[in-house]
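These notes are about the structure you will find just below.
Readers should treat all values here as calculations from the given coordinates under stated rules, not as data from a laboratory. As the structure is a prediction and not an experimental result, all values here were calculated from the model. Note: ideal-geometry Cβ built from the backbone for every residue, glycine included; neighbour counts use all protein chains shown.
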Amino acid sequence: MSVEAFRSQIATLTAELAGRPLDADLQAWLNAQHGAGSATYAALMASCQEGVAAGWLCDREGGGIKYGRIFKPAEDLQGFSVDVVDMKDIAGPHHVHPMGEIDLIMPLEGDALFDGHPQGWLVCPPGSAHRPTVSQGRALVLYLLPQGQIQFTR
């Protein structure tokens, strides 16, 4: 899996997200159309695992979390940025999603949960905030942020 092929995968997905509100309806749709057990989920998880193994995903580490922004917001990604984190039984830094956040939860070890959610998609609406937490194991989490907007709090 190359960086370019991964970008193409993400662009195909984000094309389906263009103009949709980040809300519970989108979360339900993502889980129905591209959730755990789907070809999209399997392909994205395999790509993320390959990217981590190759060193171009999660290429930074801080506070016990491996992370990295692989793509800045771009027109071909419908204005989304793309980040991937590798977390194991840990809470990350508190932050706010000014325009919302779309998360793909991919457990790697145990029955890992992200903010209490199992494998699949989680959509955080605009203005939401959290301290991202992986419990009960290890997971990769792919983040799509509209316009790359995130505000870390103290």
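Before moving on, here are some points about what is shown:
- Modelled FRET efficiency - R0 35 Å, Gln136 with Ala74, Cβ distances, 0.05 increments: 0.50
- Dipole magnitude of region 16-154, debye to nearest 20 (Cβ charges: Lys/Arg +1, Asp/Glu -1, about Cα centre): 340
- Over region 75-154, the hull volume per residue, using the convex hull of the C-alpha atoms, is 77 Å³.
- Nearest-0.05 FRET efficiency for Asp59 and Met99, computed from C-beta distance (R0 30 Å): 0.75
- Using 0.36 nm per residue and subtracting the Cα-Cα separation, the extra length available between Ala36 and Asp89 on full extension is 17.0 nm.
- Here the extension length gained between Glu109 and Thr12 equals 32.1 nm, from 0.36 nm per residue of separation less the Cα-Cα distance.
- Between the amide H of Lys66 and those of Asp86, distances stay under 5 Å, these residues lying 5 or more places away or on another chain, with hydrogens modeled in the peptide plane.
- Contact order, relative form, for region 32-154: 27 percent (alpha carbon pairs under 8 Å, 6 or more residues apart, mean separation divided by residue count).
- Computed helical MRE - 222 nm, the chain, DSSP H runs ≥ 4 contributing -39500 (n - 2.57), nearest 500: -9000 deg cm²/dmol
- Set of region 117-150 residues, backbone N closer than 16 Å to the point 7 Å along the Cα-Cβ line of Ala43: none
- Compactness relative to 2.2 N^0.38 Å, alpha carbon Rg of the chain: 0.94
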